[in-house]
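Any read-out appearing in this document is the output of simple, stated calculations on the displayed coordinates, not a laboratory observation. Since the structure is predicted, the reported quantities are computational estimates derived from the model, not experimental observations. Heads up, the Cβs are rebuilt from the backbone with ideal geometry, glycines too, and the neighbour counts pull from every protein chain shown.
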Amino acid sequence: MIDIWSNEQDSNRKRLLLLGILVIATTLNDEQALEEWFPRSEGVLDQVAIEEAILQTLLFAGFPKAIEALKKLREYFPQTGSRVHVYDHHAAGYATSGIVYGKHHSRLIQVMDELHPDLTRWMIEDGYGRVLSRPGLSLQDREMAVVATLMASGMVSQFRAHIRGALFAGVNIDDIIWFTNTFQCIIAADLREAFEKVRNQILTSNKDK
């Protein structure tokens with residue numbers, strides 16, 4: 001990964017690379033990787049963007065791992081960023097999830113309601129409202145961070161939804177292919193084919209439109 005980092009000249013991809021590394025390290029509770037990569041953030045990701053990436057990881061990897069990553073971050077950035085609050089969690093969450101799921105949004109709500117109606121409310125208000133609608137990190141970057149987290153945790157079905165979400169949020173196909181290829185090494189060996197198949201299905205269907 002160091003070689004990729006050193007050789008990458010595109011500022012957008014360098015930002016995405018660092019973002020992916022940090023959220024994967026958070027998801028895997030890899031303190032050594034966090035210590036190694038936080039100092040490389042200067043001029044690439046600011047403190048607020050890093051905090052937001054770690055904070056949102058709690059949705060997919062849990063509070064304990066987000067807490068431990070923030071502890072390591074405080075060794076590099078001793079002072080916290082400003083407190084952020086999204087006021088209308090439901091409205092913000094509904095709007096953000098609407099972008100991520102596009103034409104599939106109503107089906108998402110239906111499926112979540114069938115699993116449990118409180119899950120729908122928590123997903124909209126807490127996941128997409130309180131967390132993913134916060135400022136400090138673009139929705140494109142948030143979706144790519146989610147993709148990296150899901151790759152690290154082996155969640156193929158949710159990966160499908162968020163590859164599509166990254167497209168709907170405005171990430172270009174070439175960057176998605178580059179990003180997922182770069183981090184393929186962190187996918188469990190028995191799941192790599194499944195992840196690649198899902199990614200290619202989503203990207204191919206989008207090209208055909």
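Just want the ordering: Ile109, Ile2, Ile67, Ile163, from fewest to most Cβ atoms lying within 10 Å of their own Cβ.
Details: Ile109 18, Ile2 9, Ile67 12, Ile163 26.
Placing the least packed residue first, the sequence is Ile2, Ile67, Ile109, Ile163.
Could you put His89, His105, His116, His162 in order, starting from the residue whose Cβ has the fewest other Cβ atoms within 10 Å? Before the final figure, lay out each step's value.
Values: His89 19, His105 15, His116 10, His162 26.
In increasing order of surrounding Cβ atoms, one gets His116, His105, His89, His162.
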Two decimals is fine: what's Rg over Rh for segment 110-192, C-alpha atoms, Kirkwood radius as Rh? 1.00
Assigned charges on the beta-carbon of Lys, Arg, Asp, Glu; the chain dipole about Cα centre (debye): 460
Could you check which residue among Lys65, Lys103, Lys14 shows the biggest mean-square fluctuation in a GNM of the chain with a 10 Å Cα cutoff? Lys103
Suppose each label sits 7 Å from its Cα in the direction of the beta carbon; what would the Glu114-Ser82 distance come out to in nanometres? 4.4
Ordered by number, the chymotrypsin sites (Phe, Trp or Tyr not before Pro) in segment 15-92 that occupy a DSSP loop and have at most 11 other Cβ atoms within 10 Å are Tyr87
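Please report, in cubic angstrom per residue, the volume enclosed by the convex hull of the alpha-carbon atoms of the chain.
Details: hull volume 25.5 nm³, N = 209.
In the chain, the Cα convex hull volume per residue is 122 Å³.
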Within segment 155-180, what residues put their amide N at less than 16 Å from the label point 7 Å along the Cα-to-Cβ vector of Lys197? 155-161
